[in-house]
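These notes are about the structure you will find just below.
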Amino acid sequence: MRIKVDRARCTGCKLCQQICTIEHYGEINPKKAAIRIGAEFPEPGVFTPRLCVQCGACARACPEGAIERAGSANAFVIDPSKCTNCGVCVETCPIGVMYVHADAPTPIKCDLCLKCTEVCNTGALTVADPPPRATSR
Amino acid sequence: MYGFGGTIVRINLETGEIRRSPTPESFAREWLGARGFVAKTIYDEVPRDADPLGPENLFIVAPGVLTGSFAPCGSKLGFGCVSPLTNGHADSNMGGHLGPEIKYAGYDMIVFERISPKPVYLFIDDDTIEIRPAGQYWGMGSLDLETRMKKDLGEDFQIATIGPAGENGVGFACITHDFGRQAGRCGVGAVMGSKRVKAIAVRGTKSLPVHDLPGLTKHTYDIIQRTKPHPNMEPWQKYGTALFVSWANEHGCFPSRNFQTTYHEGWEGISGEKLAEEVLVTHKACFGCWMNCGKYSRARIPGKPDTYLEGPEYETIALCGGSCGMTDIHHVAYANYLCDNLGLDTMSGGNIVGFAMECYEKGIVTKKDLEGHELRWGNIDDFEHFVGMIAARRGIGEVFAHGTREAARKLGKGTITFAEQAKGMEFSGYDTRWYSAQLLSYCTSDIGAHHNRSWAITADIELGQDTPVGKAPVVIYLQHIRPLFDTWCCCRLFWGELDVTPEEHTDAIRYLTGWDMTIEESMRVSEKIWNLTRAHYLERNGGPGRKHDVAPLRQLEEAIPNGPAEGKKVGSENFEYMLSDYYANRGWDAEGNPTREVLETLGLPHVADNLEKRGLLGRPIPGGIPKVRGQKLKPKAM
C-alpha cells in the first residue's frame, strides 16, 4: 500500500497537513506534518506534495534500529522508545521527506495512516495498490 | 484561552517600540476576531479628525476565531483602519495562508501605530518580532516583491506586500499575498503604505490550542465527506467564481462599459469556461479549503511578456473585463496581473478605468490628458498605460487615484451621474437596476458599495425584482450574516454553495474554544458591529445618515438600454421607500441615525452618548424599536 501523489491536482490547501498532525500529535500544526507542499510560484505555478515513499533508507541508516516496518500498512515507523533524535535518518533520506520540528521528540515521518487521502478532495493524494478485496460469486 | 494565538502586538513605527499583551478573553468573545477586533479598536482609538493617511490612523492586521483551525476553510485574515477612500471605518480581508501563520506564531492582532521614518517590513518568526529596513524593496511590484522575499527569507514564510500604488497613497490600493490573494477594498494598502510598511512576513510553528480536538476533527471531517459529492462542488472546483459570468449576463446584472448596460456583448470570451480553456494553469486553494475556487492563470498576449497571476475571478472579470469593454480572457487576465503587481484593487480599479473610458468616450478626458494615449473600450494597451498613471498618481492619473466620487468632483461636467459608487467606494460587479435589494445593500453599507457586505441578488429574484417592498428586512439579515464570516474568518462560500450552515460554524467555535457559542450570540455581534461602524461613519462625516446613503443616478433613473433587463431602473421614489423601510427595521430614526434604544440593546450605551454629544443620535421611535431586526431568507451566496 502506498500514497500516490498527483501533483497536478494539488491545490495547496493543507488539509492533509492539518489532519496529519491531528492524527499523530493531537495538535493542529501544519509545520509538524509528515507531508510538505512545495509551491513553485509565480512560475510555473505548481504545488508539489512531498512525503515518504517507504523506501527504507532511513531504517537501514538508523544507528539505534529504531525504524522498522510495523502496523497494518506495513510502513516504516519510528519507535520513539528507541529513537534518540540523532538526525541520521533525516540526513540519509534520499528525497528529503523526513522532517524535523523543534517540539517533536523524533523526526517526522509518514506512517501510511492514510488520513490525508481521506480529506483530500482533488485526487492529489490517493491510496494506490489497495489490498485485494474479498469477492464472492 | 483556546482557539486563539493569545497575544496582541502593538508596534509604534515612529519609535520602534514593540509591546505585547495577552489577548483578553472578554475582548475575544465580545468581538470574535478580524472585522470585530478592527471595528472596536478603530472606533475607540482613532481620533475622529485623523487623516486616514496620517500618523493618527491605525493599521490593524487580525485573524479571527476560526482562522488556522480545522474548521471549514478557516483561512481568512482581516485588515483594518480608517479608509482613505470613504473616510469611514475600513476593513478588508483575504484568504490564503497568512492568517493561519499569524495564529501559529501566537498572535491575534497586530496594531501598527504612527509612521515609520523609513521604509520597513514586519518580520515575525514565532516569538521574534522585528521591524526591518525595506529600502531595498521600496518601489517593487507586489508580486515581484513576494517572489524576492520568498528567496530572501525562505519558502515557509507567508508574506503580504503592497505595490507602488500603496506606497503612493492611491485610495484603492490593496494588499497582496500568496501571489494573488488580496485584501482589496477600502484602500487598506494605501494606509499600510502611509505607515511605510512595505511587507509583512510571518512564520509560525506553534500548535493552536484547541478545547476539544476530537470533537472538532470529527465535526469537520464529517462536513468534508458530506460536501464532497455536493452538486455545486464540481463547477466551483472547475471554474471558481468565474462560473457566474454567464449567469450574470443572462440575468441582466453584469456591468458592461461602465454599467452603461447589463448584458455584455462578447461575454462568452471572458467566461469561466473560457478561463478554464485558455488561461488556467492550476487550481489554487486557500488554507483548509476543499473547493478550491482560486484559479491560477497565465496571460498570453502577442507583444507582451507571458504573465502569471491568480484569477481572474468573477469580480475582476466583471469590472476589469465587462466594465472596461473587454472580450478576451487573456486581456482580462493581463489587466488582473497589472493591477495586482501595481497594488491596485481590481474591483475599484476596473470600475474606475471603466468610468474613465466613459469620460474619454464623452470627450471629458482627452488624448492630451493621457500623455498621447487613448482610453478605448476593451483596449488592453490603453488600460495598461492608464493604470500606470493612476498608480504613480501622474498627470490625470492623480484625478482618478482617489476613486470615482473624487474624480467626478474634480472633473465636474455631470460625471457624478455615471460614477457607480456609494460613499466613495466603487460598485462591485453587479448592476442593481433590476436588483433593488442589492442597491439598498450597497448604499447602506458602512464601507460603501461592496457586495460582500450583503449579496442580495438572488434575494431580489425571490422577493420580486420589480418591487421595493420587503427588501429592507432581508438586506438587514444579509448584512448580519456577512460579519459572521468576517469575524470567524472562514470562507462564506461553504455556507452559500455547499450548504454548510452558520450553526455548524458556531458548533466548530464551541469545539475550538469551549465557549457556549450560539448563532444568536454571533448574529448579535454582527448587529453590534453594524451599529458601531455606522456611528463611526457619522462621527467622522456628520449627519444625518440618510444624506450619505446615496445611490448613483444611473442606477436610479437611467433605464437599461438593452439585454434581459431592458427598460429596468430602480427609481428614486422606490429607493427612498426602501431607505425608510430599512431605517425603521434597523431601529434607527427616519434620518438614518441610530437610536439610543437600539445602541443600548446592543451593549453600546457609550456610543449613544458619543452620538448625542455630536447631535447625531437618532430620535426615539414612537412605540420602540422592532424586537427582531432583519428577516431571514436564504439566498444563493457569492
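Observations
- Between the amide H of A:LYS14 and those of B:GLY288, distances stay under 5 Å, these residues lying 5 or more places away or on another chain, with hydrogens modeled in the peptide plane.
- Here the scattering of region B:298-349 is modelled by Debye summation over its C-alpha atoms, one equal scatterer each and no solvent; at q = 0.22 Å⁻¹ the log10 of I(q)/I(0) is -0.70.
- Principal axes of region B:7-203: Cα extent on each, largest first, Å: 41, 40, 29
- Placed amide H near A:CYS52: partners under 5 Å, 5+ positions off or other chain: A:CYS110
- By the Stokes-Einstein formula, at 1.567 mPa s and 4 °C, the protein assembly as shown with its Kirkwood radius over alpha-carbon pairs has D equal to 49 µm²/s.
- Seen from B:ASN57, the other residues with C-beta closer than 15 Å to its C-beta sum to a net charge of -3, counting Lys and Arg as +1 and Asp and Glu as -1.
- Proxy reagent accessibility, fewest Cβ within 10 Å first, across B:CYS320, A:CYS62, B:CYS289: A:CYS62, B:CYS289, B:CYS320
- Label-to-label distance, nm, for residues given as B:ASP306 and B:LYS367 (7 Å Cα→Cβ offset): 3.6
- Computed 3J(HN,Hα) for region B:189-196, one whole-Hz value per residue from the Karplus formula 6.51 cos²θ - 1.76 cosθ + 1.60 where θ = phi - 60°, is x, 5, 5, 4, x, 5, 7, 6, glycine and proline marked x.
- Taking the Cα centre of the protein assembly as shown as reference, the dipole from Cβ charges on Lys and Arg (+1) and Asp and Glu (-1) amounts to some 580 debye.
- Among the chymotrypsin sites (Phe, Trp or Tyr not before Pro) within region B:326-415, not one is in coil by DSSP while having at most 14 neighbouring Cβ atoms inside 10 Å.
- For region B:15-107, the list of trypsin sites (Lys or Arg not before Pro) that fall in a loop by DSSP and count at most 14 other C-beta atoms within 10 angstrom reads B:ARG48.
- The alpha-carbon atoms of region B:513-626, seen along their principal axes, cover 53, 40, 30 angstrom, with the largest extent given first.
- Sites B:GLU234 and B:THR501, calculated FRET efficiency, Cβ-Cβ separation with R0 35 Å, nearest 0.05: 0.95
- One compactness figure for region B:233-426 is 0.99, namely its Cα radius of gyration divided by 2.2 N^0.38 Å.
- Over all other residues within a Cβ to Cβ distance under 14 Å of B:TRP530, the charged ones net out to +4, with Lys and Arg as +1 and Asp and Glu as -1.
- In the protein assembly as shown, the DSSP beta bridges split such that about 85 percent are antiparallel, to the nearest 5.
- Selection from B:GLY294, B:GLY343, B:GLY266 lying farthest towards where the dipole of region B:233-426 points positive, charges on Cβ: B:GLY343
- Label-to-label distance, B:ARG376 versus A:GLU23, with points set 7 angstrom from Cα along the beta-carbon direction: 5.8 nm.
- Cα radius of gyration and Dmax for region B:292-399 (Å): 13.1, 45
- Rg to Rh quotient for region A:2-127, alpha carbon positions, Kirkwood Rh: 0.96
- Sum of side-chain charges, B:PHE355 neighbourhood, beta-carbon under 12 Å (Lys, Arg +1; Asp, Glu -1): -1
- FRET efficiency for the A:ARG60 to B:ASN87 pair, using the beta carbon distance and R₀ = 60 Å, is estimated at 0.35.
- Magnitude of the charge dipole for chain B, about its Cα centre and with charges confined to Cβ atoms of Lys, Arg (+1) and Asp, Glu (-1), is about 680 debye.
- Relative contact order of region B:7-203, defined on C-alpha pairs under 8 angstrom at six or more residues apart (%): 23
- Expected 222 nm ellipticity per residue - DSSP helices of 4 or more, -39500 (n - 2.57), all of the protein assembly as shown, to 500: -10500 deg cm²/dmol
- When only the Cβ of Lys, Arg, Asp and Glu is charged (+1, +1, -1, -1), the dipole of region B:7-203 relative to its Cα centre reaches about 240 debye.
- Ordering B:THR487, B:ALA391, B:HIS251 by the projection of their Cα atoms onto the charge dipole of the protein assembly as shown, which places +1 on the Cβ of Lys and Arg and -1 on the Cβ of Asp and Glu, puts B:THR487 at the extreme positive end.
- Note on A:ALA70/B:GLU462: beta-carbon distance plugged into 1/(1 + (r/R0)^6) with R0 of 45 Å gives a FRET efficiency of 0.20.
- Think of chain B as a dipole: +1 on every Lys or Arg Cβ, -1 on every Asp or Glu Cβ, centred on the Cα centre; then among B:LEU556, B:LEU599, B:MET233, B:LEU599 lies furthest on the positive end.
- Put a dot 7 Å past the Cα of B:GLU268, heading toward its Cβ, do the same for B:GLU25, and the two dots end up 6.2 nm apart.
- Using θ = phi - 60° in the Karplus curve 6.51 cos²θ - 1.76 cosθ + 1.60, the 3J(HN,Hα) couplings for region B:110-126 round to 10, 10, 8, 10, 6, 10, 6, x, 9, x, 9, 10, 8, 10, 10, 10, 6 Hz; x is entered for Gly and Pro.
- When the alpha carbon gyration tensor of chain B is reduced to an equivalent ellipsoid, its three semi-axes come out at 32, 30, 25 angstrom, largest first.
- Database remark: amide H of A:ALA104 closer than 5 angstrom to no amide H (H placed geometrically; neighbours at sequence offset of 5 or more, or on other chains; Pro and chain starts carry no H).
- Pairs of Cα atoms nearer than 8 Å and 6+ residues apart set the relative contact order; for chain B it is 15 percent.
- Using θ = phi - 60° in the Karplus curve 6.51 cos²θ - 1.76 cosθ + 1.60, the 3J(HN,Hα) couplings for region B:129-145 round to 10, 9, 9, 10, x, 10, x, 5, 9, 4, x, 6, x, 4, 6, 4, 5 Hz; x is entered for Gly and Pro.
- Net length available on complete extension from B:LYS151 to B:SER580 is 148.9 nm, with 0.36 nm assigned per residue and the Cα-Cα distance removed.
- Of the GluC sites (Glu not before Pro) in region B:54-129, those whose Cβ has at most 16 other Cβ within 10 Å and which sit in DSSP loop: B:GLU56
A short reminder: the numbers here are calculations on the coordinates, not readings from a lab. Since the structure is predicted, the reported quantities are computational estimates derived from the model, not experimental observations. Positions of Cβ are backbone-derived with ideal geometry, glycine not excepted, and every protein chain shown enters the neighbour counts.
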